[in-house]
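Novice: I am attaching a structure below and will ask some questions about it afterwards.
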Amino acid sequence: MHRKIEELEKRWYRYKLKMIMIPLSSSIVTAFVGSGGYYIYDKHYIHNKPRTAVLSATKEVVHSEIEPVKVVKVESKDTKKDDSTILLEPIIPVIDLEKEEVVHYVKKSVTKRHTPNTRLVRAKANDYLTAKELSTMGRAERVTTPSKPHIIKRIKLHSTSANYIETMKEKYAHSHSSRDALLLAKAYYKKGAYSEAEGWALRANEINSKLEDSWLMFAKSKAKMGKKQEAINILAKYYTKSKSVKAKALIGQIKTGKI
Amino acid sequence: MKSKFEELKTIFIDSVDKNNYVELESATYNYNILETSLLKPLKMILLYGKPGTGKSMLLNKLYHNLKEHREIHYFDAPILSEKAFLKEIYEAISGQSIPENMRVNFDGLLKYAQSLRDKREVVFLLDECQLYSASLMEKIRLLSDTRVVKFVITLHKTEDEDIIAKEHFKTRIWEVIIMKNVTEDDLQLYLQKKLIKKGFIEVANMIRKKDIKYIHYMTNGNFRETNKYFYTIFDIYEYYEKNNPKKISTKKLSKKILEMAAIKLGYIDA
């Protein structure tokens, strides 16, 4: 009992410590993150954004920035009095560094301005020059890269429907796919061999009864062979199952004698 | 001689005793519904709620209040064996005891109950019904159909409530009383009444409103949890009283001890 309560008391002390430490540590973390965020914001956003403003401002005082403290005499133009105001430049290292950078930037731009305006070809990342770049150079300087003769390859296909059917049959013999069977049905239908078309459509349907075209091709072949009622019955059956718009349209076509 | 806190501990030992019953507004309301329902031509009454909401206590109080006036039997612990259950029912109705080597035939019991229709009305109070098997519950239903035997059953909110949810069973339950955890005010009343009843007025006055708020937060206003919590609180007090009395105050409940008890019971993860 004694031990249990003593142990419990220890656990309570740990709990209280935890209760104090959690908000304390979270506030420390928040303060740290906050100050870090402010530093980043200050360093990368504030000092980068008004760069042009800083540049123009520093143009005037660029010579006075080297010494950390300098007495500047400002003469009043309006009053033309001899009284002069003495201004002390603040010694803030961050600002000094920034201004130094700006000075360097200004110098750079000055030297650039004084370079003679020569027509130079800019180096590019790739090896080839554009037409515009080439035009800026003399004819003698023009670099010609050996070009390979452009050969257009053309595959000439000499195929007939008989060839196609035979090829497809061979393909079907290997694949046994409903798609190939359907293509064969369509080929025969186109050729006018409706009986064969019907057979291949049926085969395609046996493999995949959800293949809509197999139903349509089967019915169309039937209709072409004069079995219109049979074709309509098949399509009606398919329509009740699938609500296919194509099937419905085909029924209409068969009924009106378009097929 | 028992110390003050040792005595206080015993008040909060979880037991279904009519002497420990505390009159609360919500409990009285439920009790009145229950008693009124018994007067109506009912088949079954269901007391339904989470463990520790006072179902057993209510059933116990009902039994002690009515046992002098009507035929009422209280099964505080579930009789899981069907044979034993039917035997108890038959013996309670007939007043005859059955030899050990014999058993009650259910059809015979049904016919016997039917023969008593409009002559007698026997009430059975069954606690912890979620432990009964589905087949036994079905027999209870059939017995209640005779309108001679009436059942008041208590049921925990568990997955087994499906038995009750069955349509055919639902129609036979005439009244459903849902028991809930108490509010902060009711919890304060419960603790004060409980302590004052046993003569600990000064301890009752130690419990402030903010303590009640904390206790309610820890126990969700559940009677069983509150009893357990206070048992642990006074157990810790007892230790300090014996070993380090300077650490405890008799004017107000110590927040430290409240938290220590909460850690011990796992309410606080420390």
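Novice: Using modelled backbone amide H atoms (1.01 Å from N, in-plane), which distant-in-sequence or interchain residues come within less than 5 Å of B:Ile177's amide H?
Specialist: B:Leu46, B:Leu47, B:Tyr48
Novice: Starting from the amide H of B:Lys43, placed 1.01 Å from N in the peptide plane, find each other amide H under 5 Å away whose residue is 5 or more places distant or on another chain.
Specialist: B:Trp174
Novice: Another question, then. 7 Å from Cα along Cα→Cβ at both A:Ser27 and A:Asn208: what's the point-to-point distance in nm?
Specialist: Inter-label distance under the simple model: 7.0 nm.
Novice: What's the percent breakdown of Cα-Cα distances in chain B across 5 Å bins, shortest bin first?
Specialist: Going from the shortest bin to the longest, the percentages are 1, 5, 11, 15, 15, 12, 10, 9, 8, 6, 4, 2, 1, 0, 0.
Novice: Order these by the 10 Å Cβ neighbour count, fewest first: B:Leu58, A:Leu24, A:Leu216, B:Leu110. Mind dumping the intermediate values first?
Specialist: Numbers: B:Leu58 24, A:Leu24 10, A:Leu216 21, B:Leu110 17.
If I rank by nearby Cβ atoms, fewest first, I get A:Leu24, B:Leu110, A:Leu216, B:Leu58.
Novice: Right, another one. Evaluate the Debye formula for segment B:56-142 with equal point scatterers sitting on the alpha carbons, no solvent, and hand back log10 of I(q)/I(0) at q = 0.10 Å⁻¹, in q order, two decimals.
Specialist: -0.26
Novice: Compactness ratio of segment B:1-111: Cα Rg over 2.2 N^0.38 Å, N = residue count? Please list the in-between numbers first.
Specialist: Working: Rg = 18.1 Å, N = 111, 2.2 N^0.38 = 13.2 Å.
Taking the Cα Rg and dividing by 2.2 N^0.38 Å, one obtains 1.37.
Novice: Next question, about the same structure. Using only the alpha-carbon atoms of segment A:175-243, report the extent along each of the three principal axes, biggest first, to the nearest angstrom.
Specialist: 31, 24, 13
Novice: Cα convex hull of segment A:2-49: how many Å³ per residue? Each step should come with its number before you reach the end.
Specialist: On the way: hull volume 1.8 nm³, N = 48.
Per-residue hull volume (Cα only) is 37 Å³.
Novice: Once the principal axes of the Cα atoms of segment B:25-179 are found, what is the range along each, listed largest first in whole angstroms?
Specialist: Rounded to whole Å, the extents work out to 46, 35, 27 Å.
Throughout, read-outs are computed from the coordinates displayed, never taken from laboratory work. The structure presented is a predicted model; accordingly, all values stated were derived computationally and were not measured. Here Cβ is always computed from backbone atoms with ideal geometry, including for glycine, and neighbour counts include all displayed protein chains.
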